[in-house]
Amino acid sequence: MHDYLHVTMDDAEIGRLSSLGLAHIGDCVYELLTRGRLVSSGLTTARNLHSHTVALVRASSQYAAAQVILPMLTEAEQDVFRRARNTKVHGVPKAASKAEYAYATALEALFGWLYLKGQYERINTLYDCIVKAEASDK
């Protein structure tokens, strides 16, 4: 049976994906991490879970998250991030600036790239740094 939960691709296959393709899968990865974190933190009502999730995955929050992990990225991760950040997008949500949206797209592309490479430990390491930075900001 095919493992649809742990999809992996080789470097050549990943290389053929656009930055927006990586961001597409990375958006889901980042949201799944956030949802899992919130559910395990004790939030129980659908309304609380949804509102907290939306607050943490919006472009402005992802922009802040990107700022936290940028100094920790390897050269290859920086390349993925930079390429995605510089991708031309055709629309920016009203609640985000162009810069915030570009960095959010780059963050998502990075998480998508790591996921498709099967680098789950690295994903958790970076996400943990984001969580700790959010906690220290409160």
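Miscellaneous remarks
- Scanning the stretch 92-105 for residues that are part of a helix (DSSP H, G or I) and exposed (fewer than 15 other Cβ atoms within 10 Å of the Cβ) turns up Lys98, Ala99.
- Restricting attention to the stretch 106-138 and to residues that are in contact with a helix residue (DSSP H, G or I) (Cβ under 9 Å, 6 or more places away or on another chain) and over 27 Å from Asp3 (Cβ atoms), the residue that is surrounded by the fewest Cβ atoms within 10 Å (Cβ to Cβ) turns out to be Asp137.
- Any hit, the stretch 15-23, residues being in a helix (DSSP H, G or I), touching a helix residue (DSSP H, G or I) at 6+ places or on another chain (Cβ under 7 Å), within 22 Å of Ala133 (Cα to Cα) and not small (Gly, Ala, Ser): no
- Subset of the stretch 69-91 [part of a loop (DSSP other than H, G, I, E, B), without any contact (Cβ under 8 Å) to a residue 12 or more places away in the chain and open to solvent by less than 70 Å² (accessible area, probe 1.4 Å)]: Thr74, Gly91
The values are calculated or read from the model by the stated rules, or taken from the named source; none is laboratory data. Please read all numbers here as calculations on a predicted model, not as lab measurements. Neighbour counts are summed over all protein chains in view; Cβ atoms, including those assigned to glycine, are modelled from backbone coordinates with ideal geometry. Heavy atoms of the whole protein, side chains included, go into the accessibility calculation; ligands, DNA and RNA do not. Shrake-Rupley method; radii C 1.70, N 1.55, O 1.52, S 1.80 Å.
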